[in-house]
Amino acid sequence: MEHSQQPAELRAKLHALQVEHRDLDQVISQLQASPPPDVLMLRRLKKRKLLLKDKIFALERMLEPDESA
């Protein structure tokens with residue numbers, strides 16, 4: 001991740017990732033509800049969702065660094 005980006009740019013990226021994460025959550029729920037679920041697709045979507053969660057966490061840390069560190 002680029003540390004030289006402006007806070008406004010980081011917040012915009014953070015928002016976009018949060019929207020994508022929320023959208024993936026909805027898609028995963030819909031796939032699980034429609035029998036038979038596509039297990040491979042669910043696995044890929046869940047993996048993508050976890051990667052997004054990690055990126056979101058990293059951006060949040062860049063925007064609000066831990067004061068105890």
Cα lying deepest toward the dipole's positive end in the chain, options P35, P7, H21, charges on Cβ: P35
Cα long-axis angle, helix 7-33 against the chain (0 to 90 degrees, to the nearest 10): 10
Point-charge dipole on Cβ atoms (K/R +1, D/E -1) for the chain, about Cα centre, debye to 20: 420
Computed [θ] at 222 nm, deg cm²/dmol, the chain (DSSP H ≥ 4; -39,500 (n - 2.57); rounded to nearest 500): -27000 deg cm²/dmol
Value of Rg/Rh across the range 7-62 [Cα atoms, Kirkwood radius]: 1.10
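Throughout, read-outs are computed from the coordinates displayed, never taken from laboratory work. Owing to the predicted nature of the structure, the values given are computational and were not obtained by experimental measurement. Every residue, glycine among them, receives a Cβ derived from its backbone with ideal geometry; neighbour counts consider all protein chains shown.
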